[in-house]
Amino acid sequence: MHIDAKVTPRMMPGVVALGEGAWYAPDGQKIDHGGCINVLTTQRPSPLAKGNPQHTNLVDVQLVNKA
């Protein structure tokens, strides 16, 4: 996934949040530029709610210079 990020003191260090409602927007290499959370989460349902578990996902955030 390649999306713009906003760094703010309102988030704890080491924590990222991705808003809901984004559309999957892949490029020719199937890299999402729309910010769809479903590309980062598992397809297995959560044990309690039987929905997609979105609360614990490991991600790697990197700075990319736009040229």
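The values are calculated or read from the model by the stated rules, or taken from the named source; none is laboratory data. The model shown is predicted, which means the values in this text are computed figures rather than measured ones. Note that each Cβ is placed from the backbone with ideal geometry, even for glycine, and that neighbours are counted across all protein chains shown.
Here are a few things to note about the model shown:
- Thr8 within 14 Å of the chain's Cα centre (by Cα) and of a type in the set (Ser, Thr, Tyr): no
- Within segment 6-44, considering residues that are among the aliphatic types (A, V, I, L, M) and closer than 13 Å to Val59 by Cα, the one surrounded by the most Cβ atoms within 10 Å (Cβ to Cβ): Ile37
- Test: residue in segment 26-33 that is within 23 Å of Val7 (Cα to Cα), outside any loop (DSSP other than H, G, I, E, B) and either over 15 Å from the mean Cα position of the chain (by Cα) or at pLDDT 85 or above (or both): yes
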